[in-house]
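Here the structure comes first, spelled out in structure tokens, and everything after it is commentary.
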Amino acid sequence: MKQIAFVITVLLVGLVAVVAFTRSPKVHEAALAPISVTATAPAEAAPPAEPAPPADAEPGAAAATAAITPVYDEAQSLGCEEELKALGVTFEVLEPIAGRNGCGAERPLKVSSVGIDLRPAVTTNCEVAKALAVWTKDVMMPSAKLHLNATPNAISTGISYQCRARRGADQVKVSEHAHANAVDISGIAFSDHDTVAIMDRPGSADDARAFQAAIRGGACAYFTTVVGPGTNTAHSDHLHVDMLQRRNGYRICE
């Protein structure tokens, strides 16, 4: 009996040893299983970053990438022109301008007065002309009375329609001037006061500075872009106003 028990014990010890030193079939299979690799297309290279706007570019270049391309609506334009007549704007309709490289205007107007004379007359679209007229009536006239006790009789204008890029070169985006959607204002003339030129007036406490600040700030309620002295060197001697439409109603007032 002792011999039989010894043999059984030896067999049991051997079996335990075999089990202990043999890897699990599942583990073994998992270790040998091939790795499945799913082929994927190489990632597309990111488009080159657009260069930062130059120091003398119109501000808001990044925001302008979100501009909404206007669609010409004849009925809307005719309705706008009726509003111009009611505002006392003097204008004539010009032939469509077909420019190259994104320039041009479907229904440009030659505007010579917005209640007071424009010197010289400007070539622009109806929306800009309407904004100029309302700004003149609601902002400029009362501001001149308040700050200068004077009455404006003319707006000195600079560039209106011009097929060009934003900073006067062809390697950047087309200016709103190239769509007859912008006007530059270089000064305000009076019948009873010296002309107020648009210029940088740092630290000045005179009435002209207050008047210029008032009409510039007030323009932001009527135009979607207003920039001028202090914005950059390109706008040191005039106000640039335009009606660029951007997503979410974004405006630039600097």
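Among the residues of the range 224-241, count how many are over 24 Å from residue 105 (Cβ atoms) and not in a loop (DSSP other than H, G, I, E, B).
1
Return yes or no: is residue 195 of a type in the set (Ser, Thr, Tyr) and under 26 Å from residue 67 (Cα atoms)?
no
Given the condition more than 19 Å from residue 103 (Cβ to Cβ), part of a strand (DSSP E or B) and touching a residue at least 40 places away in the same chain (Cβ under 8 Å), answer yes or no: does some residue in the range 166-180 qualify? Walk me through it before giving the result.
If we filter the range 166-180 for residues that are more than 19 Å from residue 103 (Cβ to Cβ), which is where we start, we get none.
So far as the range 166-180 goes, no, none of its residues is more than 19 Å from residue 103 (Cβ to Cβ), part of a strand (DSSP E or B) and touching a residue at least 40 places away in the same chain (Cβ under 8 Å).
Can you confirm whether residue 195 is over 18 Å from the mean Cα position of the chain (by Cα) and either surrounded by fewer than 16 Cβ atoms within 10 Å (Cβ to Cβ) or among the hydroxyl-bearing types (Ser, Thr, Tyr) (or both)?
Answer is yes for this residue.
Within the range 157-189, count every residue that is at negative phi and at pLDDT below 90.
Residues meeting the conditions: 10.
Condition (residue is assigned to a strand (DSSP E or B), crowded, with 18+ Cβ neighbours inside 10 Å, at pLDDT 95 or above and in the same structural domain as residue 97 (by TED's automatic domain parsing)) applied to the range 201-223: is it met by at least one residue?
No, because not a single residue in the range 201-223 is assigned to a strand (DSSP E or B), crowded, with 18+ Cβ neighbours inside 10 Å, at pLDDT 95 or above and in the same structural domain as residue 97 (by TED's automatic domain parsing).
Could you list all residues from the range 196-220 that are of a type outside the set (Val, Ile, Thr) and touching a residue at least 40 places away in the same chain (Cβ under 8 Å)?
Within the range 196-220, 197, 207, 208, 210, 211, 214, 218, 219 qualify.
Could you go through the range 242-250 and let me know if any residue there is in the same structural domain as residue 187 (by TED's automatic domain parsing) and assigned to a strand (DSSP E or B).
Yes, the range 242-250 contains at least one residue that is in the same structural domain as residue 187 (by TED's automatic domain parsing) and assigned to a strand (DSSP E or B).
Any chance the range 122-129 includes a residue that's modelled with pLDDT of 95 or more and either acidic (Asp, Glu) or surrounded by fewer than 23 Cβ atoms within 10 Å (Cβ to Cβ) (or both)? Steps first, answer last, please.
Within the range 122-129, the first condition is being modelled with pLDDT of 95 or more, and the residues that meet it are 122-129.
If we keep only those that are either acidic (Asp, Glu) or surrounded by fewer than 23 Cβ atoms within 10 Å (Cβ to Cβ) (or both) as well, we get 123, 127.
Yes, that holds for at least one residue.
Which one of these does residue 231 not meet: (1) in contact with a His (Cβ under 9 Å, 6 or more places away or on another chain); (2) at pLDDT 95 or above; (3) among the hydroxyl-bearing types (Ser, Thr, Tyr)?
(2)
Working only within the range 110-143, note down all residues that are hydrophobic (A, V, I, L, M, F, W, C), free of Cβ contacts under 8 Å to residues at least 40 places away in the same chain and in contact with a Phe, Trp or Tyr (Cβ under 7 Å, 6 or more places away or on another chain). Walk me through how you get there before you give the answer.
First, the residues of the range 110-143 that are hydrophobic (A, V, I, L, M, F, W, C): 111, 114, 116, 118, 121-122, 126, 128-129, 131-135, 139-141.
Cutting the leftovers down to free of Cβ contacts under 8 Å to residues at least 40 places away in the same chain gives us 111, 116, 118, 121, 141.
Within the range 110-143, 111 is the sole residue that qualifies.
The values are calculated or read from the model by the stated rules, or taken from the named source; none is laboratory data. On a predicted model such as this, the values are computed, not experimentally measured, just so you know. No Cβ is skipped: glycine too gets one built from the backbone with ideal geometry, and neighbour counts run over all protein chains shown.
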